[in-house]
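K.L.:
I have a structure here, written as structure tokens, and I will follow up with some questions on it.
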Amino acid sequence: MKYFTLFLLVILFSCKSDTSDNTMYVDGDIIELRKGTLYLQKIKDSLLINVDSLQLNRNGKFNFEVEISEPEIFHLYLAKDDGDSLNDRIIFFGDKGRINIKTRLKTFESSAFIQGSTNNDLLEEYKSISRKFNLKNLELFKLYLESQKDQNSKSIDSFKKQIDNLTKRKYLYTLNFANTHFDKMISPYIIISEASDANPNLLDTIAKKMPDHIKSSKYGKAFFEVLKKNKNIVEKK
């Protein structure tokens, strides 16, 4: 009987271990939150769907458990019922294992601190540099508009060139980032979301380096659709 019980325990723990291999655990805390509904969402067939939801009535601590086959983008949406549609959504790269998210009610999106996902760490790194490009672009665009008001043709041309050069630099940064991290899911995701009209020759360079599990993934397949489309466009010219 003792050996039979031990055998059953081994079976149970083995099953639990196999299941957890494909499970994403998302837990965390929303500081200052006392009441609200939290939704875990993702894109499926071009639609944003609810994967799970929680009613938070006492504090901001939450926990989701979801089966996941590969790293992909998830949304953490907080329905605050405060009439403010800003700062209510955190977008993160989910993965198997434990993801911990800590944030604050008033700055739900901007103060989010996320741990547990390599792809999300890379996404945050990319977004950090991308924001710098965007801020510089905004600064140049304001100066460009001012030069138009003053009808200063020399300044207009100068700022236009600077804006064009900045756009090219950001574009090259995106492609280089995807190329550097060719073996991570962030690579095809960055291309399809930020550089879907890239030169097919540049995309081919990245495609040849991608491992099979990235190529056959959700974002990998979308990446190769983009590559095929761009090749067709070039051939028709």
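The values are calculated or read from the model by the stated rules, or taken from the named source; none is laboratory data. These numbers come from a predicted model, not from an experiment. Every residue, glycine among them, receives a Cβ derived from its backbone with ideal geometry; neighbour counts consider all protein chains shown. Only protein heavy atoms, including side chains, enter the accessible area calculation; ligands, DNA and RNA are left aside. Shrake-Rupley method; radii C 1.70, N 1.55, O 1.52, S 1.80 Å.
K.L.:
Take the Cα of Thr167, step 7 Å along the line toward its Cβ, and report every residue of segment 136-157 whose backbone nitrogen sits under 16 Å from that point.
P.N.:
So the set is 136-145, 156-157.
K.L.:
Something else: If amide hydrogens are placed 1.01 Å from N in the peptide plane, which non-local residues have theirs closer than 5 Å to the one on Lys61?
P.N.:
Hits under the 5 Å cutoff: Ile30.
K.L.:
Which ³J(HN,Hα) values in Hz, rounded to whole numbers, follow from the phi angles of segment 56-66 under the Karplus curve 6.51 cos²θ - 1.76 cosθ + 1.60, where θ = phi - 60° and Gly and Pro get x?
P.N.:
After applying 6.51 cos²θ - 1.76 cosθ + 1.60, I find 9, 10, 10, 8, x, 7, 9, 7, 10, 9, 9 Hz.
K.L.:
Moving on to the next point. Along the three principal axes, how long is segment 139-198 when you take its alpha carbons, biggest first, rounded to the nearest angstrom?
P.N.:
Per principal axis, max minus min of the Cα coordinates gives 50, 18, 15 Å.
K.L.:
Measure off 7 Å from each Cα along the Cα-to-Cβ vector at Lys61 and Thr118, then give the distance between these two points in nanometres to one decimal.
P.N.:
3.1 nm
K.L.:
Which FRET efficiency value, to the nearest 0.05, do you get for Gln151 and Leu48 by plugging their Cβ-Cβ distance into 1/(1 + (r/R0)^6) with R0 = 45 Å?
P.N.:
Calculated value: 0.50.
K.L.:
Still on this structure: If you average the alpha carbon positions of segment 31-48 and of segment 87-130, how far apart do those two centres end up, in angstrom?
P.N.:
14 Å
K.L.:
Report, in order of residue number, the helices in the chain meeting two criteria: a C-alpha extent of 20 Å or more along the helix axis, and a mean Kyte-Doolittle hydropathy of at least 0.0; treat each whole DSSP H run as one helix.
P.N.:
2-20
K.L.:
Can you spot the lysines whose alpha carbon is less than 23 Å from Lys142's alpha carbon? Ignore those fewer than 8 places along the same chain.
P.N.:
List returned: Lys127, Lys132, Lys154, Lys160, Lys161, Lys168, Lys170.
K.L.:
A further question follows. How do Tyr219, Tyr189 stack up against each other in accessible area, from largest to smallest, with a 1.4 angstrom probe?
P.N.:
Tyr189, Tyr219
K.L.:
Using 5 Å bins from zero, what percent of all Cα-Cα pairs in segment 63-217 falls into each bin?
P.N.:
2, 8, 14, 15, 15, 14, 12, 9, 6, 3, 1, 0
K.L.:
While we're looking at this one, here's another question. Share of segment 25-72's accessible area from carbon and sulfur, percent, 1.4 Å?
P.N.:
Solvent-exposed carbon and sulfur of segment 25-72 make up 44 percent of the total.
K.L.:
Grab the other residues whose beta carbon is less than 15 angstrom from that of Ser117, score K and R as +1, D and E as -1, and report the net.
P.N.:
Every neighbour counted, the sum reads -1.
K.L.:
Can you put Leu145, Leu175 in order of accessible area, largest first, using a 1.4 Å probe?
P.N.:
Leu145, Leu175
K.L.:
On to the next question. Counting helices only, and only those DSSP H runs with n ≥ 4, report the 222 nm mean residue ellipticity of the chain as the sum of -39,500 (n - 2.57) divided by its residues, in deg cm²/dmol to the nearest 500.
P.N.:
That calculation yields -17000 deg cm²/dmol at 222 nm.
K.L.:
Which is the longest run of the chain containing none of the GluC sites (Glu not before Pro) found in DSSP loop states (not H, G, I, E, B) with at most 16 other C-beta atoms within 10 Å?
P.N.:
110-237
K.L.:
Largest first and in whole Å, give the semi-axes of segment 181-237's equivalent ellipsoid, each being the square root of 5 times a Cα gyration tensor eigenvalue.
P.N.:
Largest first, segment 181-237 gives 19, 10, 10 Å.
K.L.:
Tell me the relative contact order for the chain as a rounded percent, counting alpha carbon contacts under 8 Å between residues six or more apart.
P.N.:
Relative contact order, the chain: 13 percent.
K.L.:
Charges at C-beta only: +1 for Lys and Arg, -1 for Asp and Glu. How large is the resulting dipole of the chain about its Cα centre, in Debye rounded to 20?
P.N.:
That gives a dipole near 540 debye.
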